[in-house]
Amino acid sequence: MKLFIIGPPGSGKGTQAEMIAKEFNLKHIGIGDILRKKVLEKSKDGKVIKDHMDRGDLVPNYIVDKIVNDKTKDVDKFIVDGFPRDIKQAEGFKGKVDKIIYLTSSDEVIIKRLLLRKRVDDTLEIIKHRIRVYNEDTEPVIKFYKKKKLLLEINGNPTIEEVFIDLKNTLKKIFFSKNSWGKFSP
Ligand code: AP5
């Protein structure tokens, strides 16, 4: 099972990715978390990453693409959260992906959740900027995967547990249902 999970900031990507990874025994690759760790390394890349994250802008693709390709290389079962965020990232991924989970959520819900969390980039101004970046850069990725029939749309507005049950059952149906020959797929 090879999954990406995308959606607006605060839609619950990190939360659901962690739960789904546990449920299906997948490697959880949280791009935001990895980038936050790299900032602490105080390297040249770390400085570039910090500048972009502090503004709520996307970190340059030469950094992100390398992380994703390295972390997913030779891994059979993974869920990458927060990737791809633009078409270039989608096209730059060298491996195979089975499904892209698209968590939807309204701006009102997102803003409320993120203001409660209080991460450094969770000020109202930066949240609004992240939503703008999402609408401009990540929305086209949704159309890209819809065309390829890889998109799995899940409503991210209900409670964490309700979203998880919906997502878990949808994945079970896709990956573990019997096919017409009575065999489990894949
Ligand atoms: P990242 O850390 O991925 O932040 P984000 O996309 O803005 O998403 P969030 O972490 O804010 O939200 P989430 O959807 O993961 O929700 P979560 O589960 O945390 O990225 C940060 C930055 O890194 C970006 O701005 C960019 O600079 C850079 N970056 C990352 N990926 C990149 C890429 N591919 N390319 C370039 N740059 C990249 O939940 C949020 C809160 O809501 C939590 O408090 C949680 O408890 C709560 N919550 C979750 N679900 C629910 C629910 N159903 N009901 C109530 N509360 C909920």
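Within the range 12-30, being outside any helix (DSSP H, G or I) and either over 11 Å from the mean Cα position of the chain (by Cα) or within 22 Å of LYS66 (Cα to Cα) (or both) holds for ASN25, LEU26, LYS27, HIS28, ILE29, GLY30.
Does ASP45 fit the bill of being near the ligand (Cβ under 8 Å from one of its atoms) and of a type in the set (D, E, K, R)? No: the conditions fail for ASP45. Working only within the range 21-33, note down all residues that are surrounded by fewer than 19 Cβ atoms within 10 Å (Cβ to Cβ) and either more than 30 Å from PRO158 (Cα to Cα) or not polar (S, T, N, Q) (or both). LYS22, GLU23, PHE24, LYS27, HIS28, GLY32, ASP33, listed by residue number. Taking the stated definitions as given, is GLY95 on the phi > 0 side of the Ramachandran plot and touching a residue at least 40 places away in the same chain (Cβ under 8 Å)? In short, no. With respect to GLU18, determine if the residue is within 13 Å of the ligand (Cβ to nearest atom) and either crowded, with 17+ Cβ neighbours inside 10 Å or not aliphatic (A, V, I, L, M) (or both). Criteria met by GLU18. Within the range 4-11, is there a residue that is touching a strand residue (DSSP E or B) at 6+ places or on another chain (Cβ under 8 Å), buried (at least 18 other Cβ atoms within 10 Å of the Cβ) and farther than 15 Å from VAL163 by Cβ? The answer is yes, given that some residue of the range 4-11 is touching a strand residue (DSSP E or B) at 6+ places or on another chain (Cβ under 8 Å), buried (at least 18 other Cβ atoms within 10 Å of the Cβ) and farther than 15 Å from VAL163 by Cβ. Looking across the range 59-72 at every residue that is hydrophobic (A, V, I, L, M, F, W, C) and surrounded by 20 or more Cβ atoms within 10 Å (Cβ to Cβ), the one that is farthest from the ligand (Cβ to nearest atom) is identified as VAL68.
Every number in this text was worked out from the coordinates using simple rules, so none of it is lab data. Remember, it's a predicted structure, so these values are computed and weren't measured experimentally. Glycine also receives a Cβ, built like all others from the backbone with ideal geometry; neighbour counts cover every protein chain displayed.
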